[in-house]
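Structure, as structure tokens:
The values are calculated or read from the model by the stated rules, or taken from the named source; none is laboratory data. Every value quoted in this text rests on a predicted model; they were computed, and no experiment measured them. Every residue, glycine as well, gets a Cβ built from its backbone with ideal geometry; the counts of neighbours run over all protein chains shown. Heads up: the accessible areas ignore ligands, DNA and RNA and are worked out on the full protein's heavy atoms, side chains in. Shrake-Rupley method; radii C 1.70, N 1.55, O 1.52, S 1.80 Å.
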Amino acid sequence: MFKVLVLGSAAGGGFPQWNCNCDNCSKARAGDPTARPRTQSSLAVTADGKRWVLLNASPDLRQQIFENAALHPQEGLRHTPISAAVLTNADIDHSAGLLTLRESQPFALYATPRVLGVLAGNSVYEVVNPEFVPRRPLSLNKPEKLVDIDNKDLGLTVTPFAIPGKVALYLEDDSQDNFGSVPEDTIGLEVTDTKTKKRFFYLPGCAAVPNELAERLMGAELVFMDGTTWTDDEMIRRKVGHKTGQRMGHMAMNGPEGTIDTFSRFDIAQKVFIHINNTNPVLLDDSPERAEAEAAGWVVAHDGLEITP
Ligand code: MLT
Ligand code: MN
Ligand code: ZN
């Protein structure tokens, strides 16, 4: 059965972040029940309930697999239900988890040629031996039927498309426009159950919604959307950083250009915020911002949330 599992709902750094003492992180660390901890950004999806595809591979992947029985080895001495992984960018929070999957275990790895090139340029990723883990390039706007390493159909089709965003932090080039970002640096995914045609969108990093993207999302059944910040300058105002959300390639929830207002015009049945930064007040179950997001029809994802599209 077509199913999506939220493995990690927090942005880079997770919640609480290891070195952060902001109000949110302090509450989470103290075990406050209104500040539920969250691991870093990733979904798992299946069409048959047995074979799973990771959408991004977070540095918390080992913990995420441990906490989700569906991803445990099921048979024999060495096994994984993880048949493939698809990356939406090369950010650490979306790619470093590949290093966890390094025990010569076969699975298929899909990403744009740009992102695959970034991995190929970092020799540490060679531990995910290409002999066992074939790299498969995704072409923008071309539906791709996902298949496992034996070319068996996984029952899922992904359509990658470029969205406004930014190159990975460690590749930023200050001398270039938008730090040298190219369209293949940040993609959104439309994920379809090949048989039933049910589908959802996954956009964990998105800096703006141009008309083309608005048309794509209009009337969708289910969208997982970038929920990094509540206000664009929240990290500065909380004195834990000097960057705005926009500077990092993310649009804020609140305000006239924010996701809540923008998405209110799209007639989307289920809207879910993911990739939520530890400074975002929606993380607290009892905050006015959480109440405002929910009143606007949004779900604030938590780890372990399961949705059947
Ligand atoms: C982001 O989403 O902006 C990045 O994950 C930031 C980072 O690399 O820490
Ligand atoms: Mn991120
Ligand atoms: Zn914090």
What pairs can you find where one residue is in region 255-280 and charged (D, E, K, R) and in a loop (DSSP other than H, G, I, E, B), the other is modelled with pLDDT of 95 or more and buried (at least 17 other Cβ atoms within 10 Å of the Cβ), and their Cβ atoms are less than 8 Å apart, with a gap of 6+ or different chains? GLU257/MET251
Reported set for region 1-34 where residues are over 30 Å from GLY49 (Cα atoms) and either open to solvent by 50 Å² or more (accessible area, probe 1.4 Å) or more than 10 Å from ligand 3 (Cβ to nearest atom) (or both) is TRP18, ASN19, ASN21, ASP23, LYS27, ARG29, ALA30, GLY31, ASP32, PRO33, THR34
Listed by first then second residue, the pairs whose first member lies in region 19-48 and is farther than 26 Å from LEU98 by Cα, whose partner is open to solvent by 20 Å² or more (accessible area, probe 1.4 Å) and among the acidic types (Asp, Glu), with beta carbons under 8 Å and at least 6 positions apart or on separate chains, are PRO33/ASP285; THR34/ASP285; THR34/ASP286; ALA35/ASP285
I need a count of the residues in region 285-302 that are open to solvent by 20 Å² or more (accessible area, probe 1.4 Å) and not in a helix (DSSP H, G or I). 6
Restricting attention to region 234-258, the residues that are among the charged types (D, E, K, R) and either within 16 Å of ligand 2 (Cβ to nearest atom) or surrounded by 15 or more Cβ atoms within 10 Å (Cβ to Cβ) (or both) number exactly 4
Given the residues LEU99, LEU109, which is the only one that is closer than 19 Å to ASP60 by Cβ and in a strand (DSSP E or B)? LEU109
Here are some residues: ASP48, ASP32. Which one is closer than 20 Å to LEU156 by Cβ and more than 15 Å from the chain's Cα centre (by Cα)? ASP48
Is there any pair with a first residue in region 216-240 that is at pLDDT below 95 and a second that is exposed (fewer than 15 other Cβ atoms within 10 Å of the Cβ) whose Cβ atoms are under 8 Å apart and which are 6 or more apart or on different chains, and what are they? ARG238/ASP23
